[in-house]
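The values are calculated or read from the model by the stated rules, or taken from the named source; none is laboratory data. Given the structure is predicted, the values throughout are model-derived calculations rather than measurements. Here the Cβ positions follow ideal geometry from the backbone for every residue, glycine too, while neighbour counts run over all protein chains shown. All accessible areas refer to the heavy atoms of the entire protein, side chains included, with ligands and DNA or RNA removed. Shrake-Rupley method; radii C 1.70, N 1.55, O 1.52, S 1.80 Å.
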Amino acid sequence: MNDVVPLLGIETEYGIIREDQADSDPVEESMRLLARCEAKSVFKAWAYNRERTHQDMRGFQVSRLAQDEEEDEFCEEDRKRPYSYWEMKSDRVLTNGARFYNDHTHPEYSTPECRTVFDLVAHDLAGEVIVGDCVRIRNQELGGDYLQLFKNNTDYSGHSYGTHDNYLIPRKLPFDTWVQQLVPFLVTRQLYAGAGKVGAERKNEDGFVGLQLAQRSDFIDSVLSIETMTERPIINTRDEPHASQDYRRLHLILGDANMSPYATALKVGTTRLVLTLIGAQKIETPFELADPVADVQRVSRDTTGTVLLKLKSGKTVTPLEIQEWYLEQALKHTGLSDQTEEWDWVTREWGRTLNDHRQNPEKLADRIDWAIKQSLFNDFMEAEGLKWDNPILQSLDLEYHNLNPERGLYYSLRNQGDVAGLIEQNKIDDAVHRPPQDTRARIRGQAVDQQRDRIKNIHWTGIEFTNGEYLDLSGLITKEEVGQVLNSNKEQFAWK
Amino acid sequence: MEMNDPLRREEKKEPTPDRKEGGPSAPDVKRPGRDDILKRMKKVDPKQSEKYKQRTGQ
């Protein structure tokens, strides 16, 4: 049986700042950070000519994107700097199959393609290790802990940067079907996927003060859009599968960067599970939200999960009820995936988390980021006699996401055993160097490890060698397809 | 990937050796008190988030 959703990936843009400079230059700092990466890699050889960012899932092509404007501006500034575009992008492809580069002035770590949620979480955490190592080396060069990086999604002043979760799904089902069935789930998954944010940005006509569920929810402006820097959507419509035309890559940009690996696993695991139900045509959602975009913010600002959302039918439903319905469907349809261990874990923990949310929400404080923050910050406010509107709360919120092991509040809680770790350290250490063994990332990673001097350019979909050979990875989706390539053509690619 | 689940184990009062539950686990969650971390939080610059200016990303 082939999985409906065979591959998964996460892209994380990190926040970056020099604390010893009043006007920190993110372009300069990001470039210098990438330059200090000591991981074995192919450097500045990303095949940008294989990108296809302007094709829309709805069957048309757009001529311009907001990111083009930003890139133009970037290039304009570039001309004033003593660096080439390639130096500033600083693309690295690593032996674990990941991509690490600068995207719109943010260091970005894109995991390799993974087949299981637990592999993906290990690789997401490996990204923190790799990026953190670069910060440490750069600070040694600077002579102090001046450079700080944050795995979060906002600067609290209206600027957001993304954490995108990606799912390969079959193209044969109409895109509208995916959208219709998925939107109510995505609007409400922040109940456990939200990283928590103190205060509000942009849309704050009601003067919200306090902790909301998610960092990104203030930045969602539409249901569908191909844009990623303006008019950010619940579902991004960029049609760039990085695979054969039998597939779509569902590119979700509404999610948060989770520090808790449990939350990452639950976010990606439940999303994959719901996509599997949709792809297998097992569900038909009864929920048609009247205003899903407004509901993204509405859900985020109610940590109880019981705010009433209006349906087009005129009835109302709560976020918890929507999530409970999707869980119920999953429990009715076991056996749809090869990943039975993962399916069991996701349904079990999904149920436990929703139940805790409804019955004993304080129990979420050992594994769900917003609830961890709520518990920690409540303790601090009680000790110091503060309220949510005190400015230090946003600074503490930011510090929760700091990658510096001496400063990061999440890391402190983890180190003292206050939160769940989920993935064993040896699995994370392994993922720093080693690609998943059952996806095409294995071939990419081995090529980087063993043939990097022969690589002319490289991309998710293939590798071009200096002798003109091209290794097409776009059709290698299943474990069997990957194995077949590894077991054949050995003369052509002896290094495999 | 070998996995175990500390959260589940913590909640179980009795071991259930006949039931194989998939999924990862982590060490038993302990709550030794937050005095140290609360002290560290007091030292955080209240203006840190105000100084933290980023450019819009994707």
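Considering A:TYR247, A:TYR192, which residue is of a type in the set (Phe, Trp, Tyr) and either open to solvent by less than 10 Å² (accessible area, probe 1.4 Å) or within 17 Å of the chain's Cα centre (by Cα) (or both)? Even if it seems obvious, please write down each step before you answer.
Working: A:TYR247 fails: either open to solvent by less than 10 Å² (accessible area, probe 1.4 Å) or within 17 Å of the chain's Cα centre (by Cα) (or both).
Just a single option satisfies the conditions, and that option is A:TYR192.
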Fill in the blank from the handout: Of those in the range A:391-404 that are over 14 Å from A:ASP418 (Cβ atoms) and more than 8 Å from every other protein chain (Cβ to nearest Cβ), the residue surrounded by the most Cβ atoms within 10 Å (Cβ to Cβ) is A:HIS401
Handout entry: A:SER260, sole failed condition from (1) under 26 Å from A:VAL4 (Cα atoms); (2) surrounded by 22 or more Cβ atoms within 10 Å (Cβ to Cβ)
Key = (1)
Completion exercise
Note: among A:SER217, A:SER222, just one is open to solvent by 10 Å² or more (accessible area, probe 1.4 Å), modelled with pLDDT of 95 or more and closer than 14 Å to A:VAL293 by Cα, namely A:SER222
Problem - the range A:8-52, subset more than 28 Å from A:LEU125 (Cβ to Cβ) and in a loop (DSSP other than H, G, I, E, B), residue farthest from the other protein chains (Cβ to nearest Cβ) - result: A:ARG52
Practice task
Hey, could you check the range A:306-351 for residues that are among the hydroxyl-bearing types (Ser, Thr, Tyr) and touching a residue at least 40 places away in the same chain (Cβ under 8 Å) and say which is nearest to the other protein chains (Cβ to nearest Cβ)?
Solution key: A:THR347
Problem - Unique residue being in contact with a Leu (Cβ under 7 Å, 6 or more places away or on another chain), closer than 30 Å to A:GLN394 by Cβ, open to solvent by 30 Å² or more (accessible area, probe 1.4 Å) and small (Gly, Ala, Ser) when the list is A:ALA371, A:ALA383 - result: A:ALA383
Fill in the blank from the handout: Sole miss for A:GLY127 among (1) surrounded by fewer than 22 Cβ atoms within 10 Å (Cβ to Cβ); (2) away from every other protein chain (no Cβ under 11 Å) is condition (1)
Exercise for the section: May I ask you to list pairs of residues, at least six apart or on different chains, whose Cβ atoms are under 7 Å apart, with the first in the range A:55-70 being open to solvent by 30 Å² or more (accessible area, probe 1.4 Å) and the second being part of a helix (DSSP H, G or I)? Expected result: A:ARG58/A:PHE175
Handout entry: A:GLY417, sole failed condition from (1) facing chain B (nearest Cβ under 10 Å); (2) open to solvent by 10 Å² or more (accessible area, probe 1.4 Å); (3) closer than 17 Å to A:ASN152 by Cβ
Key = (3)
Exercise for the section: Return yes or no: is A:VAL135 within 30 Å of A:THR340 (Cα to Cα), more than 14 Å from chain B (Cβ to nearest Cβ) and open to solvent by 10 Å² or more (accessible area, probe 1.4 Å)? Expected result: no
